[in-house]
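**Q** Provided herewith is a single structure, encoded as structure tokens, for subsequent inquiry.
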Amino acid sequence: MSFQDWLSKNLFDGTGTTYDDSWPLKFAILCWLIWKRRCDMLLNPNAKDVEDIVAKGNRLLEECRQAFQENVENRVEQGSNMKWISPAVGWVKLNVDASVEPNTSRVGIGGLIRDDRGCWRAGFARFIGRCSVLLAEMWAIYEGLLHAWSLGYCKVELESDSLEATRIIKRESGILNNSALVASIRKMLNKDWHVIVHHVTRNRNHVADKLSRRGREGQRKTDLMLEAPEEISSIVMEEGSVRYSMINATGIEERDLPFDPSGFNVRT
């Protein structure tokens, strides 16, 4: 096989490799990083790049995926009234998100727990430093699960607008497979409770996004809120309980809410 054929094979179809369907994009990113590192060494010998090329490639790959995902979701959401959905009766819903400030790269995470009537039960926001978007999303999930467990809830629907993060938790992706953070999340999920994890579009995660933006302006200590902050309380009330989800053997089914369900399960 010629060099040109080998290059084309990796760039355009990735067949014959042991990698997943993201390999052509990852291959292109790695080629660019290697070429950039070579040019930096020749043109500026004193320049230092402490980040490993493969690690940087994985980070850029995740950022590309996130951008593609947001582009698709924005197209789907145009003209759509899809909003937050109440959890099944007797369950609570945990929504989490992460946010990166473009100018300072400060990363914040946030999330909230609502009951089957759409009522606020708890929320959190926290500044976690600087890291990749994917790691930030994983930290948001871990922190959210910690709060849901500590508050005693035993039936939790977890929603994140990061497709890759939900795929990792469901063991559908090999990214971060050796991460201690991912191991801690899976350990949380194996506790004596029921947690359903699924991906949602960004407009169904609106309040969590607001809280993550609040987090990046704060401190490393978690800001735990048992009442909704004034600036987002109106959004929580507006989203309300216009629809609810029903969990059965075939999965989660969404239905119109014909009544005001009450009660939710807490561990005793």
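**Q** For Y153, enumerate residues with amide H under 5 Å from its amide H, sequence gap 5+ or separate chain, H modeled in the peptide plane.
**A** Placed amide hydrogens put R267 under 5 Å from Y153.
**Q** If you don't mind, another one. Quick check: residue separation of K36 and I235 times 0.36 nm, minus the Cα distance between them. What number comes out in nm? Please list the in-between numbers first.
**A** On the way: separation 199, 0.36 × 199 = 71.64 nm, distance 4.56 nm.
Here the answer is 67.1 nm.
**Q** Tell me, what is the 1.4 Å probe accessible area of M188, in Å² to the nearest 10?
**A** 10
**Q** Taking 0.36 nm per intervening residue step and subtracting the Cα-Cα distance, what contour gain separates N177 from K9 on full extension?
**A** Working: separation 168, 0.36 × 168 = 60.48 nm, distance 2.70 nm.
So the extension gain works out to 57.8 nm.
**Q** As a quick test, which of the pairs K36/K187; K26/K93; K56/K221; K93/K221; K9/K36; K170/K210 have an alpha carbon distance above 30 angstrom in this structure? If you can, show how the numbers build up before the last one.
**A** Details: K36/K187 40 Å; K26/K93 35 Å; K56/K221 28 Å; K93/K221 23 Å; K9/K36 22 Å; K170/K210 26 Å.
Pairs exceeding the cut-off: K36/K187; K26/K93.
**Q** Then there's this: For segment 129-251, what does the relative contact order come out to in percent, with C-alpha contacts under 8 Å and a separation of six or more? Before the final figure, lay out each step's value.
**A** Working: 78 pairs, mean separation 32.3, N = 123.
RCO, segment 129-251: 26 percent.
**Q** Amide H to amide H, which residues 5 or more places from A122 or on other chains are under 5 Å from it, using H placed in the peptide plane?
**A** Excluding prolines and chain starts, which carry no amide H, the hits are I113.
**Q** When ranked by the protection proxy of mean other Cβ atoms within 10 Å per residue, highest first, what sequence do the peptides 217-226, 163-172 form? Write out the running numbers ahead of the final one.
**A** Values: 217-226: 12.8, 163-172: 18.6.
Descending packing order for the listed peptides: 163-172, 217-226.
**Q** Computing the accessible area with a 1.4 Å probe over protein heavy atoms, can you report the carbon and sulfur percentage for segment 150-195? Let's see the in-between values first.
**A** On the way: 980 of 2220 Å².
On segment 150-195, the fraction of accessible area on carbon and sulfur atoms equals 44 percent.
The values are calculated or read from the model by the stated rules, or taken from the named source; none is laboratory data. Here the structure is a predicted model, which is why all the values come from computation and not from measurement. Here the Cβ is made from the backbone with ideal geometry for all residues, glycine too, and neighbour counts use every protein chain on show. Ligands, DNA and RNA are excluded from the accessible area calculation, which covers all protein heavy atoms including side chains. Shrake-Rupley method; radii C 1.70, N 1.55, O 1.52, S 1.80 Å.
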